[in-house]
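Following: one structure in structure tokens, then a few remarks.
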Amino acid sequence: FSHSQIIRVQSPEGVKRITATKRETVATFLKKVAKEFGFRNNGFSVYTNRNRTGEITAAQNKSLNLLKIKHGDMLFLYPSSPAGSSSSSETMDTSVSQNSRPGGAPQVVEDEIDQYLIKQDGKIYRNRDQQLCRHGPLGKCVHCVPLEPFDEDYLNHLEPPVKHMSFHAYIRKLTGGADKGKFVALENISCKIKSGCEGHPPWPEGICTKCQPSAITLNRQKYRHVDNIMFENHTIADRFLDFWRKTGNQHLGYLYGRYTEHKDIPLGIRAEVAAIYEPPQIGTQNSLEILEDPKAEVVDEIAAKLGLRKVGWIFTDLVSEDTRKGTVRYSRNKDTYFLSAEECITAGNFQNQQPNICRLSPDGHFGSKFVTVVATGGPDNQVHFEGYQVSNQCMALVRDECLLPCRDAPELGYAKESSSEQYVPDVFYKDIDKFGNEITQLARPLPVEYLIIDITTTFPKDPVYTFSISQNPFPIENRDVLGETQDFHSLATYLSQNTSSIFLDIISDFHLLLFLVTNEVMPLRDSISLLLEAVRTKNEELAQTWKKSEQWATIEQLCSTVGVPLPGLQEYGAMGGSSHAVAAAMWPCQHCTFMNQPGTDHCEMCSLPRS
């Protein structure tokens, strides 16, 4: 027994410890590995190095001692996969850069901003201190040597102080030692029982230390995946707030934009918001319900062709205080809450749907860049935009359905108790008692501030415009309750009021482009790629090429049938004559505005007679 040793074996599913002896043969050891990981055949390979070199095979017919495998060593298991197919083992690359792994290219494709930041130096350079530095202009000392991007003292002395280092600074901290992060693996927390344990009956009849998830002690996360949220201009936010101003009901939207470098924080990431899409929903003065959105997939597709992606969500929590002064109630603060437990759970759901691709994780993803923005009253009783994320621990609790809101206390969550249907690990948090001692409390209930990461939300001094701004903008989708509908009458009105000679300025409206793609009369999903490319690259020549297409000529004719004269229609009247004749013969229903085919007496949508 004195010669026994423990060898660690890492696989895409995690690390297992195998007990072996020094004189044990490789074949015997590999049989133990196969049994521990549940392999029946030789469907795996074991290597001494992470980059798949130094393979250990049964054919070697040697003992572990002769192969210099000793107590505590880490071996790396990769399941076999057919040629050309992807395997979960591909995500086991933990190199920080392509050059740090011998002959290896990254196996998961990270976001462009992550690929960019990986290549950056990231160090904080300081000028020579005239009072403390005693060396020449080319020398360095402790007072002027560059600092690492994760230097907490530097971050705490910024104005305002930064409580959370950036995620890439955190990665540099993990990989900055002598081993250069050789053994670093960002493990995603799991609150579920591990499957495949055959030594006992399944839960609730049995459980063991191998399959039981570990207890969770909530800690304040030291890093954040996004360090700043910036709306390109005030108009984006103002148009979103118009719904609350006109109805008094709360409202919700999805933020579409891009991730860029945030230079105010070392290796920081900024979420830039270019547009807000408002999905179907039911809002009251104190509640919101998100309805199923049949257009969600199309919206994501159009946004991607415009160079955008869904970066977060925004909702209002506004109560008018004085309508004459235009003030709102200041209700979210340190004495109440910043995010309610229900909002944290919703944010956790969204973040789980939008994982952050990461090569340092065996799963290929870790955390999320998806942000939450709340439009609420500030200390000055004006509308403020507050940005947040929930921690990775919260994401795990939400994903595995372990966290519940408290009905009578929005600032408190509640960790579920185990039942016959579900085993829930114990969840703890640390607090200070009345004597000043640190104590560990069971998270029933749980203050949600342990789950929240705040993010600065800003507007630029010099506004940026991905899309054009009009004095008479095209209506926003799903605002029928306001009487603002997206149809060909509203399109004709928009085109008649915007008479710019630059077609790109007229057509560069996110909500207009969505209407052109999703309308039921003439959806342009398959023929709008050229226009989207023109908007993305701000290419007027490309936009003019698309304007001369038959599709746009038909759209103009459909607009003309609703009785709103379009300027310049005659100029393009010769284009697509046959489609013009058909479009002109179509008739709009006076009840639902649906465009019906010629020769019909009843509306195809609402079945009412033509009036």
C-alpha long axis of helix 550-560 to longest principal axis of the chain, angle in °: 50 degrees
Largest to smallest accessible area among E301, E159, E343 [probe 1.4 Å]: E159, E301, E343
Under 5 Å, built H, 5+ apart or other chain: amide partners of T316: H251, A375
Which of T457, H200, H365, positive extreme of dipole for the chain (C-beta unit charges): H200
Formal net charge of residues neighbouring N65 (Cβ-Cβ distance under 13 Å; K, R +1; D, E -1): +3
27 Å Cα-Cα reach of K246 towards lysines, excluding residues that sit fewer than 8 places from it in its own chain: K295, K310, K325
K163 - accessible surface, heavy atoms, 1.4 Å probe, Å² rounded to 10: 150 Å²
Charge dipole (debye, nearest 20) of segment 462-520; +1 at Cβ of Lys and Arg, -1 at Cβ of Asp and Glu: 100 debye
Whole-Å distance, taken between Cα centres, linking segment 308-374 and segment 67-81: 42 Å
Relative contact order (percent, whole number), the chain, Cα cutoff 8 Å, 6+ residue spacing: 11 percent
Options P355, N249, V562, ranked by Cα towards positive dipole end of the chain, top entry (Cβ charges): P355
Sequence of R270, R309 when ordered by accessible area, the most exposed leading, probe 1.4 angstrom: R309, R270
Estimated 222 nm signal from helices in the chain, with DSSP H stretches of n ≥ 4 weighted -39500 (n - 2.57), rounded to 500: -6500 deg cm²/dmol
Partners for K416 among lysines (Cα-Cα distance below 20 Å; same-chain residues under 8 apart left out): K192, K194, K430
Probe 1.4 Å, accessible area per residue of segment 252-336, Å²: 48 Å²
Mean Cβ count within 10 Å, highest first, over the residues of peptides 456-468, 439-451: 439-451, 456-468
Relative contact order, percent, segment 110-157 [alpha-carbon distance under 8 Å, six or more residues apart]: 38 percent
Between 0 and 90°, nearest 10: helix 341-353 axis offset from the chain longest Cα axis: 80 degrees
Accessible surface of the chain [probe 1.4 Å, protein heavy atoms]: carbon and sulfur percent: 49 percent
Nearby lysines by direct alpha-carbon distance to K547 (threshold 19 angstrom, same-chain neighbours under 8 apart not counted): K305, K538
Crossing angle, helix 26-37 versus the chain [Cα axis fit, 0-90 degrees, rounded to tens]: 40 degrees
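The values are calculated or read from the model by the stated rules, or taken from the named source; none is laboratory data. Just so it is clear, the model here is predicted, and its values are computed rather than measured. Neighbour counts are summed over all protein chains in view; Cβ atoms, including those assigned to glycine, are modelled from backbone coordinates with ideal geometry. For the accessible areas, the whole protein counts, side chains as well, though only heavy atoms, and no ligand, DNA or RNA atoms are used. Shrake-Rupley method; radii C 1.70, N 1.55, O 1.52, S 1.80 Å.
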